[in-house]
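One structure is given here, and the rest of the page talks about it.
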Amino acid sequence: MLLITSVCSGGMAFHGLSFVHSICRPPSLLTSIKALTVAFPTINPRHRLLRRSPFDSAIRALASAAVSTASPVSQEGKVSAKAQWKAAIDFKWIRDNKDVIAANIMNRNSNANLNVVLDLYEKFLNLQKEVERLRAERNIVAEKMRGKIEASVRQALVQEGKNLKEKLASLEEDLVHLTDQLQQEAQCIPNITHPNVPIGGEESSVIRKMVGSPREFTFNIKDHLELGKELDLFDFDAAAEVSGSKFYYLKNEAVLLEMALINWAIAEVSKQGFKPLITPEIVRSSVVEKCGFQPRGQNTQVYSIENSDHCLIGTAEIPVGGIHMDSILLEADLPLKYVAYSHCFRTEAGAAGTASRGLYRVHQFSKVEMFIFCRPEDSNLYHEELIAIEEELFSSLGLHFKTLDMATGDLGAPAYRKFDVEAWMPGLGRFGEISSASNCTDYQSRRLGIRFRPSDASTILKKGKSGNQTPTQFVHTLNATACAIPRMIVCLLENFQEEDGSVVIPEPLRPYMGGLSVISPKAKRI
Amino acid sequence: MSLITSVCSGGMTFHGLSFVHSICRPPSLLTSIKALTVAFPTINPRHRLLRRSPFDSAIRALASAAVSTASPVSQEGKVSAKAQWKAAIDFKWIRDNKDVIAANIMNRNSNANLNVVLDLYEKFLNLQKEVERLRAERNIVAEKMRGKMEASVRQALVQEGKNLKEKLASLEEDLVHLTDQLQQEAQCIPNITHPNVPIGGEESSVIRKTVGSPRELTFNIKDHLELGKELDLFDFDAAAEVSGSKFYYLKNEAVLLEMALINWAIAEVSKQGFKPLITPEIVRSSVVEKCGFQPRGQNTQVYSIENSDHCLIGTAEIPVGGIHMDSILLEADLPLKYVAYSHCFRTEAGAAGTASRGLYRVHQFSKVEMFIFCRPEDSNLYHEELIAIEEELFSSLGLHFKTLDMATGDLGAPAYRKFDVEAWMPGLGRFGEISSASNCTDYQSRRLGIRFRPSDAPTILKKGKSGNQTATQFVHTLNATACAIPRMIVCLLENFQQEDGSVVIPEPLRPYMGGLSVISPKAKRI
């Protein structure tokens, strides 16, 4: 039962900055899942992945360009398991690579059930065959009725046609139902994993880079809450009354600091060729799902709008991913690079612990996010570019941080590979996550329906294709935090505090704060 | 019936920028209202207000400092009409000034029902008296039982006490119910009105000031949508897919322009002594109600969060008003002036028409809002200060605009007086509202429970008060738009367009856009 109610994907990353990517099984499918579940085979983890070049595996990600998002059957008939959209999942590839996928599911601590998927797919194929057979039969009967025939023969044909039609209607309904079940189950299967990703839980993550060293303090340091209180920068108490716990007002210089960080991040990243965006913060639930998040259910991180099919975004990744939904991009336009500013809203269901104090984990925050749509063969390259931009941003602020290649158990379902940045927070006395860069390969684009048509002449070698247009391929998507404001404020206050209780503003931010170089304690009221 | 479901207050200002203030009758009270409704008396509008000095009326607004927010009876027993909070309404003053209030209700096009309120208040007083009588009787019985007495006498007293207790419990329950009904009805009564406010519908509003003149354009002008499309500044189509109609992405220079407007507005207003704030955008529904907005019901402008008692804010006025909820401020700290930046979310239920195109009316937007908490005697003064700041801001951008003293029919329930600014929008071909400044006197503070204790020695002359503390008074609250970003973008694009399709950035904003002085059409892709 626990398997059913918990998230499908690996990475119960409640304690990370990353918004948890997952697709859950809906409770309505409980019965059918129980009926279908068979013993999970033991797989030797050493045989887990075909060690191909990273480019190869990225391109293959549960994938072939030929699969259409359109359902093969009519949408008539009652559908018990509501599936509002279909991911273009390559079931044939899944069937042909089940060992690789089973190992990947295990490595990523996902509760996707591959056997259920395979079983449903088998049933789906048989049913589809049967439906096609009946359709052919019906056509034959219809053909027979064209000429002149005796009344009794006609009568028999009419009856036969009627029987076939009824049987077909019933089977087509079953097929719709089965297709939906198959979708729901298969959507739980996580993206495949980059071969260099370390296998194991979060603790197995590998440090890619370490920048700077912890500052040596010659005085008793304060945490950001204490600093914020003394400098009159936040109000958590009033926010608790007005909104609830984990809400806050920013006051005085904290407002200027937030605005400076947003402006600075947008300016720096757009210098690298990223187009600035400000996004909607209310989106359709289906778009949230297509990005690999679970907007419903008990432990959802997503706020839903009452009496509507809309949600609040937990990250700008969702509306930016959606900006090219259901479209075919020009290859010449790729890569499309965006830097998006939005407010983000998260329920933080299940989050607790000391790291939840103050601004570290809050229900609402501002974030500047990078997002790239690119050709499959370029996504690993752009993943490196994104982490390099992050490292450059945080270095320029003078932070001490490390970059991690996150282990399989910490990856959300859409991620093929994820690099986290953890910065030193002296008040917290440990490293805390301040950003995350993920290559989602075609996981999101297969759900969002974002393709491109390669213009390259050499790619026109598909056999059996009529016309001289090249077939489309799914783009790859990548997302990365440029600046998650509250955690950055924690970092800046705690790292750049002075003995007199003031906080020095890093040089790069000063032009965005009207030249302010230090936040000083206010004169006390007498 | 339409009287019941429509908003209570005057000012169905769906076509204004102002977020509609109103408190509706809950459907659950329908029956009791029908039972109690009597014919509405005809009141001569010329006798509508005691013409006292503005300061006087402001101070008196449905008011006396002695009314407590606490319910006089215990909250035990079932309460059929759910009232989660109580406004400190001065019912005695209402009863003693019913002609003034009736005229005001009529002038403001409010559907508050004064007679129901007066009737309920009468019943409340009688019931309260009866409850007090029974309590006294019960005490007498209890007193009698103290001494030695015969068993039969004691038995009779026990029975009498039991009867009294039961009767009292029943009446106390009725009293709770009646108190709630009275609250719900009385909360519909709009604030009283400044004597200089013109009486009538929106068309009766009086121009206070006109600044500038419409620019003479020697070429065919475009509206902001056309300009935005050609300059690649918005994407409404993608937003319609991802979120729905009236959502949008800002792109490229529009992002810089939004950030510049926010930074500029915060900087300019904080120079005038306003403390910067960034506020929560998810708040408890009760806070929304206490500010005079209606978060539930068919035509609500408010988005609610599913499975919670929370809403999205339609304006920063709500969280800023709430920041001092249920507290007693120091007189020395008044006035408290805030400049708050938030995103605002509005359902725009019922909004339609050509002015709804593009950025003019949208579901989500950024706004910089001014808010003042002050002593009652200062609120008219600060109202003038707020409109002066607005006029200065818009003049410095080179806009052509007029300032209006809005007529009674256009005032939301909380407003004692409201000044709107309407700017010339050449693409729209008319003036469009870009800001609004309201003096809410003590309407919101009586609901939010925000008082101050006058430190002035001469005020210590209240009779019958023990202790030497002065009595508290409710503060006055004022709110005013510093910059509603999308409407300002409409203004800037349409007014400062050039023949070549470019748009000139007003001087004051350039320092906030890295010196950018003009938005030029991008080179077309070949």
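Rule-based calculations on the coordinates, nothing more; no lab input. Everything numeric here is computed off the predicted structure, so don't read it as measured data. Cβ sites come from the backbone with ideal geometry, for glycine too, and all protein chains shown count toward neighbours.
Charging the Cβ of each Asp and Glu at -1 and of each Lys and Arg at +1, and nothing else, the dipole of the stretch B:281-433 about its Cα centre rounds to 600 debye. Scalar couplings 3J(HN,Hα) for the stretch B:318-334, obtained by applying the Karplus form with A = 6.51, B = -1.76, C = 1.60 to θ = phi - 60°, are 5, x, 6, x, x, 5, 10, 3, 6, 9, 10, 8, 7, 4, 5, 7, 7 Hz; x denotes Gly and Pro.
Considering all different alpha carbon pairs of the stretch A:163-210, the Kirkwood hydrodynamic radius works out to 14.9 Å. Remark: B:Lys148, B:Lys86, B:Lys402 ranked as B:Lys148, B:Lys402, B:Lys86, counting other beta-carbon atoms within 10 Å and listing the fewest first.
The distance linking the stretch A:304-354 with the stretch A:84-129 is 27 Å (Cα centroid to Cα centroid, whole angstrom). I need the Debye-formula profile for the stretch B:107-197: one equal scatterer per C-alpha, no solvent, reported as log10 I(q)/I(0) at q = 0.11, 0.25 1/Å, two decimals. Log10 I(q)/I(0), no solvent term: -0.50, -1.15. For the stretch B:230-337, the average shadow cast by the Cα convex hull is 9.8 nm², which is a quarter of the hull's surface.
With a 10 Å cut-off around each Cβ of B:362-373, the average count of Cβ atoms from other chains is 1. This ranking places A:Ser285, B:Ser213 by how few other beta-carbon atoms lie within 10 Å of each, fewest first, which gives B:Ser213, A:Ser285. Scanning residues 5 or more positions from A:Val518 or on other chains, those with amide H under 5 Å from its amide H are A:Ile505, with H placed 1.01 Å from N in the peptide plane.
Between B:Lys167 and B:Asn196, the modelled labels are 5.8 nm apart [label points 7 Å from Cα along Cα→Cβ].
Out of every Cα-Cα pair in the stretch A:374-512, what percent are more than 22 Å apart? Summing the P(r) of the stretch A:374-512 above 22 Å gives 53 percent of all pairs. The calculated pair-distance distribution of the stretch A:121-268 uses every alpha carbon pair, bins of 5 angstrom beginning at 0, and gives 2, 6, 8, 7, 7, 7, 7, 7, 6, 5, 5, 5, 6, 5, 5, 4, 3, 2, 1, 1, 0, 0 percent.
The mean count of C-beta atoms from other chains within 10 Å of the C-beta of residues in B:249-257, rounded to a whole number, is 5. With semi-axes defined as the square roots of five times the eigenvalues of the C-alpha gyration tensor, the equivalent ellipsoid of the stretch B:198-244 measures 34, 22, 8 Å, largest first. One quarter of the surface of the convex hull around the alpha-carbon atoms of the stretch A:350-454 equals 8.5 nm², the direction-averaged projected area. For the segment B:300-308, counting C-beta atoms of other chains within 10 Å of every residue's C-beta and taking the mean gives 4.
The phi-based Karplus calculation (6.51 cos²θ - 1.76 cosθ + 1.60; θ = phi - 60°) puts the 3J(HN,Hα) values of the stretch A:398-412 at x, 7, 9, 8, 10, 10, 10, 8, 6, 6, 3, x, 9, 8, x Hz, whole numbers, x for Gly and Pro. A Cα-only calculation for the stretch B:304-363 places Rg and Dmax at 16.4, 49 Å.
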